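Rule-based calculations on the coordinates, nothing more; no lab input. A quick note: this is a predicted structure, and the numbers were derived from the prediction, not measured. Neighbour counts are summed over all protein chains in view; Cβ atoms, including those assigned to glycine, are modelled from backbone coordinates with ideal geometry.
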Amino acid sequence: DAKHLLNALKKAYEISVNYEGDKYCGLNIKWNYIKGFVDISMPSYVPKMLKKFNHQPPTRPQHSPHRCPTPIYGKHRQMATTDETPLLPTTHIKRIQSIVGS
């Protein structure tokens, strides 16, 4: 039974029990049995990662990773521009990998 399992786990590990079923391994879980779905969130995760990587908020809101070219309406086709951004130095690759992998 559940009590036996919990007692066995407590002997070997430091554990906590959540009988409401709304928290698990840092996840917040909201069950909606009537509509048949579950919402899973980590509300403190993003602020924690922003602090870890010392991210300063922009002075103005930025809702896109880069500027979108302004469309020019008319009869001529507009082709995508070629990305001529220089390659990232190898010394910066680990930092980008750690941010993207978080």
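Scanning the range 11-29 for residues that are of a type in the set (D, E, K, R), surrounded by 10 or more Cβ atoms within 10 Å (Cβ to Cβ) and outside any loop (DSSP other than H, G, I, E, B) turns up just one, LYS23.
Within the range 30-78, the set of residues being assigned to a loop (DSSP other than H, G, I, E, B), of a type in the set (A, V, I, L, M) and over 17 Å from SER102 (Cα atoms) comprises ILE34, ILE72.
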